[in-house]
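Here's the structure we're looking at; comments come further down.
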Ligand code: UD1
């Protein structure tokens, strides 16, 4: 089993380049099969969830050519099956994007119900509501989401919650439906805009992405395109929090600073210095942080995917901070692990009350999910002594070479697979 072993206490210095956004790349890969022409996608992150989705796309017959680690060519004209099922696809959340893509293109699909990080109940009723409104028959049975429509028709769809997944899924199906679809209370996240831009590059007619009303006029078919995915705001935010907690001075490059505004604002409140450039942010921290309050919200609010990393920063900030989670109900599972490292956090309902401690102490911890796993790595970097983070397969779902990037900034971190490798690392750093 792979683990990260970290010797904490080294400030981070230098420059780190951020990759493409996983949560934009996943729906974009699904949307790429909606044309019979070849689509080229660049700035793809080389992470597990992406590779699982690419395998699923290949599994239904589409041609997938990995040009290099970050570039892929996809041709959907060879698709010979609209049923998507394999052992791995059930484990990723984004498998549901194949529903919108295949329903839009072929009028029918059957996709194994999605898994994803265990961060609370993750319903798909709004996806269902959208497809039903567009005239599809939808059935959820035997672990599959089955949708069929003779004529997929545009309609007015109000989303009770501004769900990212439902907005994108409905947008994809509507791109090839008959007539006009209006999504009200749509999600405004940067990746929603990126998917809309990509679909428009393929000839779709989508207006308003990034606002809460998206208007889509269905087109007959989509065509080839070349597209580069936006930078990952969560990967960037994770590095920013790592610098805040550990101390140091790092230039985080290949980012869109506007997408990072919520994280930037909160780190400024804790006392970090942040400089914004056109496509980079520089974070400076002396490791002496102040308390603050954070509430997760839909974009442009503070992202729920940054909540654990920010909580780790606040765990070593002076005073009592609060972190309120308003999107998912079970996103504090890392608190018990962080407690093993000396954190003083009490969770009451959806609020974590964090009494800052002077420092974390290294411990053996388990990554409970993707972002919480990254947060524990940050705690390990800031801790006194050695931390072992187990179950890092969760972290690898969404971070490319996290250990390599951190090591290039001066962190003492290594991925180990055996007890011998672990002991060798400990000997070397002690
Ligand atoms: C996506 C991201 C995830 C991120 C989340 C919020 C992917 C693969 N995952 O997840 O990393 O944490 O956005 O930014 O991109 N909801 C319903 N019914 C539905 C769908 C959602 O009630 O049909 C609720 C959810 O329970 C949650 C809220 O809406 O409370 C937001 O969920 P949503 O934006 O859909 O998250 P995901 O698309 O699952």
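Every read-out reported here was derived from the displayed coordinates using simple, explicitly stated rules and does not represent laboratory data. Everything numeric in this text was worked out from a predicted model, so none of it was measured. Backbone-built Cβ (ideal geometry, glycine too); neighbour counts: all protein chains shown.
Quick notes on this one:
- For the peptides 100-112, 415-427, 80-92, the ranking by packing is 100-112, 80-92, 415-427, with the highest mean count of neighbouring Cβ atoms within 10 Å listed first.
- Centroid-to-centroid separation of segment 151-173 and segment 315-354 [C-alpha atoms, Å]: 34 Å
- Largest-first principal axis extents, alpha carbons of segment 244-396, Å: 39, 33, 33
- If R0 is taken as 30 Å, the Cβ-Cβ distance between residue 408 and residue 87 corresponds to a FRET efficiency of 0.30.
- Cβ crowding within 10 Å averaged over residues, with 178-187, 59-68 ranked highest first: 178-187, 59-68
- Working from label points 7 Å from Cα in the Cα-to-Cβ sense, the residue 67 to residue 258 distance is 2.6 nm.
- Legend: P(r) of segment 388-430 from all alpha carbon pair distances, 5 Å bins from 0, whole percents, reading 5, 21, 26, 28, 16, 4, 0.
- All Cα pairs of the chain, percent lying beyond 41 Å: 16 percent
- Along its three principal directions, the equivalent ellipsoid of segment 1-130 from the Cα gyration tensor extends over semi-axes of 29, 20, 13 Å, largest first.
- Axis angle, to the nearest 10 degrees, between helix 370-382 and the longest C-alpha principal axis of the chain: 20 degrees.
- Taken over the alpha carbons of segment 22-219 as equal point scatterers, the Debye sum produces base-10 log I(q)/I(0) values at 0.09, 0.19 Å⁻¹ of -0.28, -1.42.
- Segment 361-430-segment 191-211 distance, computed between alpha-carbon centres (Å): 37 Å
- Residue 286/residue 329 FRET efficiency (R0 45 Å; Cβ-Cβ; nearest 0.05): 0.80
- Inter-site label distance for residue 426 and residue 156 at 7 Å from Cα along Cβ, in nm: 6.5 nm
- For segment 170-280, the fraction of alpha-carbon pairs lying more than 26 Å apart is 36 percent, rounded to a whole number.
- Folded to 0 to 90 degrees: helix 233-246 orientation relative to the chain principal axis, Cα: 10 degrees
- Note on segment 307-350: the alpha carbon radius of gyration divided by the globular reference 2.2 N^0.38 Å gives 1.08.
- Residue 201/residue 17 FRET efficiency (R0 25 Å; Cβ-Cβ; nearest 0.05): 0.55
- In degrees, nearest ten, helix 22-32 long axis to first principal axis of the chain (Cα): 20 degrees
- Choice from 31, 343, 242 showing the highest fluctuation, given a GNM over the chain with Cα pairs closer than 10 Å: 343
- Mean residue ellipticity (222 nm) of the chain, computed from DSSP H runs ≥ 4 via -39,500 (n - 2.57), nearest 500: -9500 deg cm²/dmol
- Residues considered: 212, 286, 278. Largest GNM mean-square fluctuation over the chain, using C-alpha springs under 10 Å, is found at 278.
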